[in-house]
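Read-outs throughout are calculated quantities, based only on the coordinates presented, and are distinct from any laboratory measurement. These figures come from a predicted structure and were not determined experimentally. Neighbour counts are summed over all protein chains in view; Cβ atoms, including those assigned to glycine, are modelled from backbone coordinates with ideal geometry.
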Amino acid sequence: MNKNVFILGINSAYHEPSACLIKDGIIVAAVEEERFNRIRHGKPANILNPHQLPEKSIEYCLRAAEIEAKDIDYIGYSFVPETRFEKNVGIDREFIEGSAGSFSGEETFYYLNKAVPEKLSRIFGYDVSPKFRWITHHLCHASSAFFVSPFKDSAILSADGIGEFASIWMGKGIDDKIEKIKAVYYPNSLGLLWTKMSRFLGFGEYGQWKIMGLSAYGNPDTYYETFFDFISFDEQGNFSINGDILQHRVNRFNEFEKLFGPFRKENDEILEIHKDIAAALQKITNEAMLCLSKYLYKVTGSKNLAIAGGVGLNCVTSNYLSENSPFEDIYVQPASNDAGTAVGACYYLWNQLLGNKERYLQESVYLGSEYPDNDIESILTTQGVEFKKHENIYKSVAELLENGEVVAWFQGRMEFGPRALGNRSILADPRRVELAHYLNEKIKHREFFRPFAASVLEEKANEWFKFRKLSLSDKFMLFSREVKHDKIGLIPAVTHYDNSCRIQTVNEKDNRKYYKLLKEFEKITDVPLLLNTSFNDSEPIICSPQDALNTCIKVDIRWLAIGDFLVDLVNASLISLNQENERKVKLNSEYDYNFETNDTQLQMIFRSR
Amino acid sequence: MLIKQNKKVHIDIGPEIVKMYECSGQVHSVFDFANNNKEILKKTEASIIEKNLIMLQKKESIPDYLNKCLARTDDLKINDNIFELKRSGARSAYWEDRRIKFKGCRPMVKNPATFPIEKLGFGSDVIEYDSIPFGILTKEAVLREILGFCFFKEKELEIVHKPICIYEYCKDNEQVGYCIVFETMGETRLEQFVNYPQLTLKELIEIKFQRLKTTYLLGSELLLNGVNVKRCSEAKAKILTEMHFSGGFRGILNSNIGNDIILKEASFEFAICDFDCFRVISIPKQPDIAFLNGFVMYCLIEVLKGSISILEFYQFNENLSLTEYNKVLFEKYTQTSSIWKAYERMFWIKAKEQGWDISLVNDAFENILKTKSFFQIQSLVIPNNKAIDDIVNLRNIYYSHD
């Protein structure tokens, strides 16, 4: 009998550290470190921490595959230090000495990345270098888009802030091979433009979602032409930004202020000007991506487009391409952020380097931790909360939702990627607009303009939303679709200002329990949708039952449907959250990560297996 | 449970298509009418009309087809010429082809009727109940409509109704009421889209307490078929805050979203109308608490009354102070109303832009919650047992209309 081939993919160079493990070409597990260390995006993207590996994620992957570290055959790391080092020096007119863009900063980043195999060897307890492969960042993004897509052949578009030096990668994939056609390099970066704009608009480093939501409120034409003072693109695959105006590597906005007026401080009011800038940025992004896709269509001759990279998470742009590009079908990698490069690293090795012809189709993101009912029952009992087992929990939950209750929904394996898709979700009735206000203000603590997504029965999606063709990636909440005119007023809690709604299509095969819940809700209300927002509050999406309880108590969510148990937390606020954390009840489950580890502890864990 | 759908209304609003008769009276140009009568308004209001006279239509601009008095009743008819128009509310008519609206064109000389109204003086805490002749406008009401138009033009706010002329209905050479004729950019009212459950108060209470299985969303705003509530709320809040912070108020409106107009072909998509009770107050640079009490009350009652209805009956199970009653209802309203959410955000932006003392504005909000009049207005939006008790005990009349 042939030995199974195990490939571990790791992303760690910048942010969103993650791990993915595939067995004979099939994903066994994929998780982001942020879910375990409870730090948003896992760690800040900076030159001092590429060697801080997603240790808990790696450990989880090994446990899920029931293997030891020594059983891994290949390790793919989604970054090539040499490709970045000297290219990033001397580009920016302004930079901070010792930081990215300076020689010393780039040198530090280079050596800390180069130290990754050694760090991993230390953790695993053996020399991993023979198994270790460096794979460029965008090759990993591109692989995560194409190799797991439903396409035999496809154009590939990967766009993010920066890989090693490239920010946009264009190529094509056929069967088990991908190849580059063209790339765009720093500082010509759509992703970094959004990062800078996010800071300029007072939303911080990771406010791109906020800009996307706000853009619906603004007039896209007010500042559209202004962007062309420093940006250009065409249908020949070119995209450029004047780096002196972008000022990416310094925290200054003097050049932007000449074009857009004074920058907004974090707590300043959102004014019309901010809405208009956001709208123009969204329009520019749509148009730029459309131009690049037209170029790819021309040079590849494929009718399919596979997308990855952070820009791929712009659901407004993805829908724009879906409705306006010449491509017939589009697949977007559900973890298009840097976390997804761990998946790409695995498949670049499996298909491209190892030459395996078999392709894996990624139809699901339920690739993370799972907690059996007896473990859940144990922790609920220990916590002293009121709960009851329900054979058909979806029926009870549907009734609660119909009565206007907000329900936290924790089921099965945790999702991989930034979207909660019905296993770590907070749910509400989409007909009740006041619940959208309530969720934004009291639970999620978000701005008024942030829209809510909807989960919809796959077979009913075309009755409620407009689209040229439903994509497989609609399962992953990656397209913002237009609500059909006659339905607009019926689901105000999930209808955005521009009549759009980010949707997740749900079928029975992918998520049986969630599908049944939607069916039950439809039976009561004639509405086959639910408002679905991620189960968290200004923190990473929750991972464990303990996280679920903590979050519910913190933000005062009364109902938690966890496994087959319905928990009524009406009196749970009496329990001190701190006491909860201090108790840290050890689960019987092997998937309990509610403890702090350091390198030494991890070495012991890995070696003892 | 079967809900009875037949409703009694106090006033017969008439059939969908109404007959229009040529009748006795005079046709005035807007310019002349405003210029000759503006002094019956307050000085500040008259000066707004004076400054904007140039915007008003003169006699020679009145089209021939309007240069004769037209009315929905035959009480004053002078010949047998009749033509048919669409009904618009209980007292108006709409000439759809020409986009002409006749407001107050139902003189009821043979069977006069009155219509109840509520008034609240600026800075006052007492709602006054009064009645006005039904079917027509008074001279002051016409002037206030013109004032609203001038005010909106002066502040560069969007307005859909442009006054064209005024009919002064006469019987035996005595004036019996006025009608103002508008050219309008659209007459599609937001309330037309309400997914209205048509519940009586009794039925609402039954649903609430018997927990009957219905498809009604108790505690929620009514749904609006085909209308994006976020978009409308933002648009309405923007107009109202601009208007209020420039000193303009429409008072206690009869209808909540019946005066909101949705437009399809204009450069803007939302507008408000109904200015027959419009008044303008002067806004001081640094208002004191007395002014702010009045200002906040005026803002709140207009927004409250102009909000999408909340399908709710609130049951107070204990005796509370007036302030506590108000707080409970206001919390429910502010948590639920989309228009309030948008308005509140813009209100504070405006207040800060004006450089007002924010702590004083907050105090004014607190003070409003101590007033009986605010409870009365809130009870119109969220029916409750306390308000019904007051009615039963004849202490007050809150539910004066349907």
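Measure out, as a whole number of angstrom, how far apart the alpha-carbon centroids of the stretch B:124-163 and the stretch A:436-480 sit.
The stretch B:124-163 and the stretch A:436-480 have Cα centres separated by 42 Å.
Where in chain A are the DSSP H helices whose alpha-carbon span along the long axis reaches 30 Å or more and whose Kyte-Doolittle mean is at least -1.0?
Correct list, ordered by number: A:272-300.
Distance from the Cα centre of the stretch A:326-400 to that of the stretch B:21-91, in angstrom?
Taking the Cα centre of each part, the stretch A:326-400 and the stretch B:21-91 sit 69 Å apart.
Quickly estimate the mean residue ellipticity at 222 nm for the protein assembly as shown, helices only: each DSSP H run with n ≥ 4 gives -39500 (n - 2.57), and the total goes over all residues, rounded to 500.
-10000 deg cm²/dmol
So, with +1 on the Cβ of K and R and -1 on the Cβ of D and E, and no other charges, what is the size of the charge dipole of the protein assembly as shown about its Cα centre, to the nearest 20 debye?
So the dipole magnitude of the protein assembly as shown works out to roughly 880 debye.
Find the Cα radius of gyration of the protein assembly as shown, compare it with 2.2 N^0.38 Å by division, and give the number to two decimals.
Compared with the compact-globule rule of thumb, the protein assembly as shown sits at 1.07.
Could you work out the pair-distance distribution P(r) of the stretch A:104-210 from its alpha-carbon pairs, with 10 angstrom bin width and percents rounded to whole numbers?
13, 28, 33, 22, 3
How big is the dipole moment of the stretch A:443-581 about its Cα centre under a simple scheme where the beta carbon of each Lys and Arg is +1, that of each Asp and Glu is -1, and everything else is neutral? Debye, nearest 20, please.
The calculation lands at about 460 debye.
Hey, got the average number of other protein chain Cβ atoms within 10 angstrom for residues in B:54-64?
For this peptide, the per-residue mean of nearby foreign Cβ atoms is 0.
Taking Cβ-Cβ under 4.7 Å as the only way to count a partner, pick out the unpartnered cysteines of chain B.
Lone cysteines by the Cβ rule: B:Cys23, B:Cys69, B:Cys150, B:Cys165, B:Cys170, B:Cys232, B:Cys273, B:Cys277, B:Cys299.
If I take every Cα pair under 8 Å that is 6 or more residues apart in the stretch A:64-150, average their sequence separation and divide by the length, what percent do I get for the relative contact order?
36 percent
Measure nothing but the geometry: give the 0 to 90° angle between the long axis through the Cα atoms of B:139-154 and the longest principal axis through the Cα atoms of chain B, rounded to 10°.
80 degrees
Mean separation of Cα pairs under 8 Å and 6+ residues apart, divided by the residue count of chain A: what relative contact order is that in percent?
Once normalised by length, the contact order is 15 percent.
What dipole magnitude, in Debye to the nearest 20, does the stretch A:218-336 give about its Cα centre under +1 on Lys/Arg Cβ and -1 on Asp/Glu Cβ?
360 debye
Could you check which residue among B:Val160, B:Val18, B:Val328 shows the biggest mean-square fluctuation in a GNM of chain B with a 10 Å Cα cutoff?
Judging by the Gaussian network model, the answer is B:Val328.
Considering only B:Pro133, B:Thr114, B:Leu263, whose Cα is most displaced toward the positive end of the charge dipole of chain B, charges sitting on Cβ of Lys, Arg (+1) and Asp, Glu (-1)?
B:Leu263
Using the alpha-carbon atoms, what tilt in degrees (0 to 90, nearest 10) does helix B:322-336 show relative to the longest principal axis of chain B?
Roughly 70 degrees between the two axes.
Just B:Gly355, B:Gly148, B:Gly306 to compare: in a GNM of chain B, with alpha carbon springs under 10 Å, which one fluctuates most?
Comparing B:Gly355, B:Gly148, B:Gly306 in a Gaussian network model of chain B, the most mobile one is B:Gly355.
Across peptide B:220-233, what mean number of C-beta atoms from other chains lies inside 10 Å of a residue's C-beta?
Per residue, the average neighbour count from other chains is 6.
Run the quick spin-label model on A:Asp127 and A:Asn46: label points 7 Å from Cα toward the beta carbon, then report their separation in nm to one decimal.
3.5 nm
Name the most mobile residue of B:Ala71, B:Ala237, B:Ala351, meaning the one with the largest mean-square fluctuation, in a Gaussian network model of chain B with Cα contacts below 10 Å.
Maximum fluctuation in the GNM of chain B, among the listed residues, is at B:Ala351.
Would you work out which of A:Cys501, A:Ser480, A:Ala142 lies farthest towards the positive end of the dipole of chain A? Charges go on Cβ: Lys and Arg +1, Asp and Glu -1.
A:Ala142
Counting only C-alpha contacts under 8 Å and six or more residues apart, can you give the relative contact order of the stretch A:314-443 as a whole percent?
24 percent.
Report the Cα centroid-to-centroid distance between the stretch A:411-429 and the stretch A:513-532 in angstrom, as an integer.
Cα centroid to Cα centroid, the span is 15 Å.
I'd like the antiparallel share, as a percent to the nearest 5, of DSSP beta bridges with both residues in chain A.
If we restrict to bridges inside chain A, about 70 percent are antiparallel.
List the trypsin sites (Lys or Arg not before Pro) within the stretch B:301-349 that fall in a DSSP loop (any state other than H, G, I, E or B) and whose Cβ has at most 14 other Cβ atoms within 10 Å.
none
Which order do the peptides A:63-69, A:563-569 take when ranked by the mean count of other beta-carbon atoms within 10 Å per residue, highest first?
A:563-569, A:63-69
Could you list the trypsin sites (Lys or Arg not before Pro) in the stretch A:490-567 that lie in coil according to DSSP, counting only those with at most 15 other Cβ atoms within 10 Å of their Cβ?
Passing both the DSSP loop test and the Cβ count: A:Lys509.
Note the angle between two axes, namely the Cα long axis of helix B:372-381 and the longest principal axis of the Cα atoms of chain B, as a number of degrees from 0 to 90, rounded to the nearest 10.
Roughly 80 degrees between the two axes.
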